[in-house]
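Beneath this line is the structure, given in structure tokens, with notes to follow.
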Amino acid sequence: MTIQATAQALIDNIQKILVGKNEAVELALIALLCEGHLLIEDVPGIGKTTLAKAMARSLACSFARIQFTPDLLPSDISGISYFNQGSHQFEFRPGPILNQIILADEINRATPRTQSALLEAMQERTVTVDGETHAIPRPFLVLATQNPIELEGTFPLPEAQIDRFMLRIRLGYPSVEEEHQILLRHRQTDPLDTLEPVVQPETLLENQRAVREITVEESVRDYIVKVVQATRNHPAVELGASPRGSMSLYRAAQALAAIRKRTFVVPDEVKYLAPFVLTHRLVISPQTRLRGRTPEAVLAEIMDTVPVPVETFT
């Protein structure tokens, strides 16, 4: 199955459950194809959990939801070693992180120590407990959520943690017509209960390898580098995007081109993806925040100043 066929099958299946979130679903698939992770920043009740569950079921992947709270411990995520009195040996009891699709719900409610328990898993795809390393099954995707409104009792994600999320998205409220469709679809039963897999994990793993073969011309690669470099040199930015940010933008553009059934990346894809890939990586200065400017506005200004390649791509 081609990348475009895989993506279309997943999008069609997830849209049976999630109404009117085409862009969010496509961006989630980009993170999945690139072996990245997704941060969803939005208010409760708009479909964040539904998106994660629908994606797991569409792929026949194992799913776990971790509810982050101030009393959550790192071992509650990674698992523990315990002494089995029957076998007289220490055995490993895996935590929820050793699943394929993880919903890290309200991640900013846990302490920094617990948040850091995700770092190894997200980057290395492994978990180390008592000196023993355990591999996480693939495909592996962390969808983390945080509520941007409620700040009491929360612990802001440190830059090192935020940088490990390939994309940050917002779902937004549905339109009037979309909300009518939601009510109609849920009037009797939850459609998620009958959702069937449409893509096998092995097919997705093949697609993940194929995404890396999408061509990125030198001029487009140079455009990506110049955009990221500009985030580090802008006077309103204290901390610009890291090299991981440029790699994420590069890989995301490859995935989007493949979804759109092309074998090469065009500059418009880089420009479209930049706000989702780079905005959450920017730390703007206190003076900029006091003036009411947001990272989104600063990045938009940067994108307007960096020349876009004008070569013809064929």
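All of the numbers you see were taken from the coordinates with simple rules; none came from a lab. Please read these numbers as outputs of a predicted model, since none were measured by experiment. Here the Cβ positions follow ideal geometry from the backbone for every residue, glycine too, while neighbour counts run over all protein chains shown.
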Exercise. Any idea which of (1) more than 18 Å from residue 40 (Cβ to Cβ); (2) charged (D, E, K, R); (3) surrounded by 16 or more Cβ atoms within 10 Å (Cβ to Cβ); (4) in contact with a Phe, Trp or Tyr (Cβ under 9 Å, 6 or more places away or on another chain) is the one residue 120 doesn't satisfy?
Worked result: (4)
For this session: Kindly indicate which of 197, 191, 174 is crowded, with 16+ Cβ neighbours inside 10 Å, more than 30 Å from residue 240 (Cα to Cα) and of a type outside the set (Val, Ile, Thr).
Result: 174
Problem set entry | Pick from the range 29-49, criterion touching a Lys or Arg at 6+ places or on another chain (Cβ under 9 Å) and assigned to a helix (DSSP H, G or I), ranking: surrounded by the fewest Cβ atoms within 10 Å (Cβ to Cβ) | 49
For this session: Scan the helices (runs of 4 or more DSSP H) fully inside the range 113-203 and keep the ones with 1 or more residues being farther than 20 Å from residue 283 by Cα.
Result: 117-124, 176-185
Exercise. Any chance the range 226-241 includes a residue that's assigned to a helix (DSSP H, G or I) and among the hydroxyl-bearing types (Ser, Thr, Tyr)?
Worked result: yes
Seminar exercise, completed: Considering residues that are part of a loop (DSSP other than H, G, I, E, B) and within 19 Å of residue 165 (Cβ to Cβ), the number found within the range 73-111 is 5
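For (1) over 20 Å from residue 163 (Cα atoms); (2) touching a helix residue (DSSP H, G or I) at 6+ places or on another chain (Cβ under 9 Å); (3) surrounded by 13 or more Cβ atoms within 10 Å (Cβ to Cβ), each residue gets a yes or a no:
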{"residue": "229", "(1), (2), (3)": "no, yes, yes"}
{"residue": "234", "(1), (2), (3)": "no, yes, yes"}
{"residue": "243", "(1), (2), (3)": "no, yes, no"}
{"residue": "248", "(1), (2), (3)": "no, yes, yes"}
{"residue": "304", "(1), (2), (3)": "yes, no, no"}
{"residue": "310", "(1), (2), (3)": "yes, yes, no"}
For this session: Just give me the residues in the range 242-269 being assigned to a helix (DSSP H, G or I) and more than 17 Å from the chain's Cα centre (by Cα), in sequence order.
Result: 243, 257, 258, 267, 268, 269
Seminar exercise, completed: Within the range 282-296, restricting to residues that are out of contact with any Asp or Glu (no Cβ under 6 Å at 6 or more places or on another chain) and surrounded by 15 or more Cβ atoms within 10 Å (Cβ to Cβ), the one that is nearest to residue 161 (Cα to Cα) is 282
